[in-house]
Amino acid sequence: MKHERIPYFPKVKGNPDDYILAAHCGYFGVVPQSFATDWKVESKVLTIVDDNAIALDARFPEGPVTLTKLLPSLETMSVIEGEIEKYTQYENSDCLNGAVIRVSDGHQLVISLTSHHYLILIGHHVVDICQIAKVFNLEMGAY
């Protein structure tokens, strides 16, 4: 939150420990236009980014998502299903469009994270990713 000058975590319906605020360089993330419900090119937001840079301001539809990542060992795939419940913005911050994602167990998610960069897929895809993991002989870290 400090990196993007976010003053407080957004208000949520349930246990705040089971929510993620997904934002990257001021906006939700790098999203292909064909996947987005809203998409536009904006000027850079973070001061640490080159002055000639741009950022993508995009949104996925609210609803089911899957967060996944191949861990650095290249032996385990991390998979977490969740729900985008809303988007939030913070005035006078570098978070101009962040997705509020509910997961089933935020503590387990934090314990298993290897970094803060994850792929976010629209829909729930644990079953599909498990099948792909078998082909490549990967362990699964799904919950």
- For helix 126-135, what angle does its Cα long axis make with the longest principal axis of the chain, in degrees from 0 to 90 and rounded to 10? 60 degrees
- Residue-ordered couplings for region 110-117, obtained by feeding phi - 60° into the Karplus form 6.51 cos²θ - 1.76 cosθ + 1.60 and rounding to whole Hz (Gly and Pro as x), are 5, 4, 8, 5, 9, 6, 8, 9
- Item | Surface/4 estimate of mean projected area, convex hull on alpha-carbon atoms of region 31-83, nm² | 5.5 nm²
- Per DSSP H run of n ≥ 4, the term is -39500 (n - 2.57); total these for the chain, divide by its residue number, and report the mean residue ellipticity at 222 nm rounded to 500 deg cm²/dmol. -3500 deg cm²/dmol
- Note on the structure: The correct ranking of Lys11, Lys40, Lys134, Lys86 by accessible area at 1.4 Å, largest first, is Lys11, Lys134, Lys40, Lys86
- Message: Using protein chains only and a probe of 1.4 angstrom, how many square angstrom of Leu109 are accessible, to the nearest 10?
- Response: 10 Å²
- Kirkwood Rh in Å, taken over all unlike Cα pairs in the chain: 16.0 Å
- Selection from Trp39, Leu56, Leu67 lying farthest towards where the dipole of region 1-74 points positive, charges on Cβ: Leu67
- Query: Ranked from the most accessible area to the least, with a 1.4 Å probe and all protein chains present, what is the order of Ser73, Ser78?
  - Reply: Ser73, Ser78
- When the solvent-accessible surface of protein heavy atoms is calculated with a 1.4 angstrom probe, in what order do Arg5, Arg102 fall, highest first? Arg5, Arg102
- Message: Tell me the per residue accessible area of the chain using a 1.4 Å probe; a whole number in Å² is fine.
- Response: 61 Å²
- Note on the structure: For Thr76, the accessible surface traced by a 1.4 Å probe with all protein chains present amounts, in square angstrom to the nearest 10, to 30 Å²
- What does the accessible area of Cys130 come to, in Å² to the nearest 10, when a probe of 1.4 Å is used? 40 Å²
- Query: Using unit Cβ charges (K, R positive; D, E negative) and no other charged atoms, how large, in debye to the nearest 20, is the dipole of region 1-107 about its Cα centre?
  - Reply: 140 debye
- Task: Quick one: what are the phi-derived ³J(HN,Hα) couplings along region 76-86, Karplus 6.51/-1.76/1.60 with θ = phi - 60°, whole Hz, x for glycine and proline?
- Result: 9, 9, 8, 9, 9, 8, x, 9, 6, 8, 5
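The values are calculated or read from the model by the stated rules, or taken from the named source; none is laboratory data. Bear in mind that the values here come from a model prediction, so they are computed numbers and not experimental data. Cβ atoms come from the backbone with ideal geometry, glycine included; neighbour counts cover every protein chain shown. The protein model used for the area step is the full one, side chains on, heavy atoms only, and it has no ligands, DNA or RNA in it. Shrake-Rupley method; radii C 1.70, N 1.55, O 1.52, S 1.80 Å.
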